[in-house]
1. Anything in segment 133-170 that is open to solvent by 60 Å² or more (accessible area, probe 1.4 Å) and under 22 Å from Asp105 (Cβ atoms)? List them, or say none.
2. Is at least one residue of segment 186-200 hydrophobic (A, V, I, L, M, F, W, C), farther than 29 Å from Ala81 by Cα and touching an Asp or Glu at 6+ places or on another chain (Cβ under 8 Å)?
3. Does Ala6 count as assigned to a loop (DSSP other than H, G, I, E, B) and either surrounded by 14 or more Cβ atoms within 10 Å (Cβ to Cβ) or free of Cβ contacts under 8 Å to residues at least 60 places away in the same chain (or both)?
4. Looking at segment 70-89, is at least one residue touching a helix residue (DSSP H, G or I) at 6+ places or on another chain (Cβ under 6 Å) and over 30 Å from Leu21 (Cβ atoms)?
5. Can you confirm whether Asp38 is surrounded by fewer than 13 Cβ atoms within 10 Å (Cβ to Cβ) and not basic (Lys, Arg)?
6. Just to be sure I understand, how many residues within segment 52-95 are hydrophobic (A, V, I, L, M, F, W, C), over 30 Å from Gly28 (Cα atoms) and open to solvent by 10 Å² or more (accessible area, probe 1.4 Å)?
7. Testing Thr19 on (1) farther than 24 Å from Val115 by Cβ; (2) open to solvent by 30 Å² or more (accessible area, probe 1.4 Å), one condition comes back false. Which one is that?
8. Identify all residues within segment 96-131 that are among the polar types (S, T, N, Q), open to solvent by 30 Å² or more (accessible area, probe 1.4 Å) and over 12 Å from Glu63 (Cβ atoms); write none if there are none.
Amino acid sequence: MIAVRAQRAVVDGAERPATVLVDGERIGAVLPLDAAVDVREVVLAADEVLLPGLVDTHVHVNEPGRTEWEGFASATRAAAAGGVTTIVDMPLNSLPPTVDVAALDVKRKAADGQVSVDVGFWGGAVPGNAGELAALHEAGVFGVKCFLLDSGVEEFPPLVGEDLAAALRAVAAHDGLMIVHAEDGDLIGQVAGRRYADFVASRP
């Protein structure tokens, strides 16, 4: 167990002095700054702030298949350097995309032994895989992600019409979570340049 003493700590959404006891991977107690403790201590400087670890729920770790874009080793080291203690990986850009339990197992094996922070996974909803969504939920994904327009990678096509309805029914059946990239492909125009304003103009 260690005690981290900080004149500036964020506790319950407010900044205040505190001593935080850490027992293994868990916070054991939050005590007053001057609390007497009989453990190893780490004292933060006056200009340092003790913050809860951040959770990034939208990370594209493209391993396996497109590891040169970003793999588990680099993604999780970067997260740790920025104070992010948990990432949740998006289901597309890796090969295979995380649209069934077999693909989730491939992702987990790719991550094994490479991660510097906690890692969770989103599953993917694509045409024809509504029957896979309950099994993905049971296997531990946080929810499923779908696109309503071209995702940018051919192996993760958009959901439209009955495919979208079937996926929504499947997720509702186990009281799951679906997140939707909800742009209408019929309204989106081609991006005419490289400026951010050009991108905005393509999405009226």
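1. His137, Glu138, Phe142
2. Checked segment 186-200: at least one residue is hydrophobic (A, V, I, L, M, F, W, C), farther than 29 Å from Ala81 by Cα and touching an Asp or Glu at 6+ places or on another chain (Cβ under 8 Å).
3. No.
4. Yes, that holds for at least one residue.
5. When the stated conditions are applied, Asp38 passes them.
6. Final tally of qualifying residues: 2.
7. (2)
8. In the first step, residues of segment 96-131 are kept if they are among the polar types (S, T, N, Q); the result is 98, 114, 116, 129.
Imposing the further condition that a residue be open to solvent by 30 Å² or more (accessible area, probe 1.4 Å) reduces the set to 114, 116.
Across segment 96-131, the qualifying residue is only Ser116.
The values are calculated or read from the model by the stated rules, or taken from the named source; none is laboratory data. All values derive from a computational prediction rather than experimental measurement. For neighbour counting, all protein chains shown are included, and Cβ atoms are generated from backbone atoms with ideal geometry for every residue, glycine included. These accessible areas exclude ligands, DNA and RNA; they are computed on the full protein's heavy atoms, side chains included. Shrake-Rupley method; radii C 1.70, N 1.55, O 1.52, S 1.80 Å.
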